[in-house]
Amino acid sequence: MFNVLVNGSMFKVLSRYGDLPVAAMGIVKKIDMIPLNIALGLAQGILPLVAYNYASHDYVRMKNVSRFARYAATSVALLCIAVFEAFSVPLVRFFIDEDATVGLGAQFLRIACLGTVPMTLFFLFNTTFQAMGKGKQSFFLVFVRQVVLNLSILFAFEALFGMIGIVWTQPVGDLLAAGIAWVLFERVVVKLNLEQAAFERRSA
């Protein structure tokens, strides 16, 4: 629901600048689905592993699973950034063979792809909270990312920088959201370490 709200608002604001930016951003969103779906796949893949190990108090393995997923997702995201930056024009041209739209879409893609790493990390942190049964934290993160950050950045950047500011909304919003998620996750890790020590003392 939040995603539809934010995307709808973004395209509504972008439509003030004509049809070409809307078409270009639509193509960028389709290309951006590649790293997004990979991140979602990794997130769904680690969900049962995190849940099982969290429930059995094997926090070391749980943190290792989460860390491995972050490394894997970051590697894929960096690869996507390199490919999108290097081949932005042919990637956009694959969807439409119209020079003005291709030029604008390539420019948008080179900006939008910069948010790939924080976007993938955010989904992994958020899914980890879900797997641990921390629904409130998970909902809070989604709400902050989509409604608080993305919408406020969208209107602020459009007012300050015009059309190109709209394109920067997602990378900046995802960077801030991933930072907030990381801080919350590290606070949870501190508590888990204390629980792990207490559990080991009881088991001894």
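Tabulated results
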{"item": "Cα-projected label distance for R67 with K12, points at 7 Å along beta-carbon direction, nm", "result": "4.5"}
{"item": "Packing-based exposure ordering (other Cβ within 10 Å, fewest first) of T101, T120, T74", "result": "T74, T101, T120"}
{"item": "Angle between the chain longest axis and helix 116-131 axis [Cα atoms, degrees, rounded to 10]", "result": "40"}
{"item": "Karplus-derived 3J(HN,Hα), 6.51/-1.76/1.60, for each residue of the stretch 44-57, Hz, glycine and proline x", "result": "5, x, 7, 4, x, 5, 5, 4, 4, 6, 5, 5, 8, 6"}
{"item": "The stretch 128-204 - convex hull of alpha carbons, volume per residue in Å³", "result": "75"}
{"item": "Mean separation of Cα contacts under 8 Å (6+ apart) over length of the stretch 3-145, as relative contact order %", "result": "34"}
{"item": "Helix-only [θ]222 nm of the chain, DSSP H runs n ≥ 4, -39500 (n - 2.57) each, per residue, nearest 500", "result": "-28500 deg cm²/dmol"}
{"item": "Local electrostatic count at L124 - Lys and Arg +1, Asp and Glu -1, tallied over other residues with Cβ under 11 Å", "result": "+2"}
{"item": "Residue-span extension gain [V83 to A197] - 0.36 nm each, minus C-alpha spacing", "result": "36.6 nm"}
{"item": "Three principal axis lengths of the stretch 1-151 [C-alpha, angstrom, descending]", "result": "57, 30, 17"}
{"item": "Charge sum, other residues only, whose C-beta stays under 15 Å from L149's C-beta, Lys/Arg counted +1 and Asp/Glu -1", "result": "-1"}
{"item": "Using θ = phi - 60° and Karplus 6.51 cos²θ - 1.76 cosθ + 1.60, couplings along the stretch 179-194 (whole Hz; Gly, Pro as x)", "result": "x, 5, 4, 4, 4, 4, 5, 5, 5, 5, 4, 4, 5, 5, 4, 5"}
{"item": "GNM flexibility winner over the chain from L36, L151, L20 (Cα, springs under 10 Å)", "result": "L20"}
{"item": "Phi to ³J(HN,Hα) by Karplus 6.51 cos²θ - 1.76 cosθ + 1.60 over the stretch 153-160, Hz, x for Gly, Pro", "result": "5, 4, 6, 5, 5, 5, 5, 8"}
{"item": "Helix axis angle, 99-112 relative to the chain longest principal axis, alpha carbon, degrees", "result": "20"}
{"item": "Chymotrypsin sites (Phe, Trp or Tyr not before Pro), loop per DSSP, at most 14 other Cβ atoms within 10 Å - longest free stretch of the chain", "result": "95-204"}
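Bear in mind that the values in this text are calculations on the coordinates, not laboratory data. From a predicted model like this one, the values you see are computed outputs, not experimental measurements. Counting neighbours? That spans all protein chains shown, and the Cβs are built from the backbone with ideal geometry, glycine included.
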